[in-house]
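The values are calculated or read from the model by the stated rules, or taken from the named source; none is laboratory data. Just so you know, these numbers come straight off a predicted model, no measurement behind them. Here the Cβ is made from the backbone with ideal geometry for all residues, glycine too, and neighbour counts use every protein chain on show. Ligands, DNA and RNA are stripped out before the accessible areas are found, and what is left, the full protein with its side chains, is counted by its heavy atoms. Shrake-Rupley method; radii C 1.70, N 1.55, O 1.52, S 1.80 Å.
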Amino acid sequence: QVQLVESGGRLVQPGDSLTLSCVGSARLFAKYYMAWFRRGSGTEREFVAGINWSGATTFYADSIKGRFTMSRDNDKNAVFLQFNALETEDTAAYYCAASETWPQPDRSLVREEEYEYWGRGTQVTVSS
């Protein structure tokens, strides 16, 4: 298994940029399909972005409208989520997730139950 720890969340203003980091404990970090989810005022976590083993393929939720970029560095056991032009609606706790199951070609794992490992989350608050 892998333990995940997120960091980088803070209070920012609309239009700001921010980068979140997630560091895993697994030696063979590349074997996991990684994703970011977020939980706002609702009770369920919403899929934000996913990335394959090499980082060459990413998948994003339509709601982010091209404003987020996910990347990974397997040598550092880390994945990242870069925000550009943050909006008030992006306020949420952001969670890093890892799955040992890989998606079908040209698709991403987008359901909570498809991920076995989760970080505790990092809070991003966007307010003027």
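Once the chain from residue 76 to residue 63 is taken as fully extended at 0.36 nm per residue, the excess over their C-alpha distance is 1.8 nm.
The residues of region 48-103 present an accessible area of 46 Å² per residue when probed at 1.4 Å with all protein chains retained. Relative contact order for region 67-128: what is it in percent, counting Cα pairs under 8 Å that are at least 6 residues apart? For region 67-128, the relative contact order is 35 percent. Loop-resident trypsin sites (Lys or Arg not before Pro) (DSSP state other than H, G, I, E or B) in region 31-128 with no more than 15 further Cβ atoms inside 10 Å of their Cβ: 65, 67, 107, 111, 120.
Highest GNM mean-square fluctuation, the chain, Cα pairs closer than 10 Å: which of 82, 13, 104? Judging by the Gaussian network model, the answer is 104. The order of 36, 102, 53 by accessible area, most exposed first and with a 1.4 Å probe, is 53, 102, 36.
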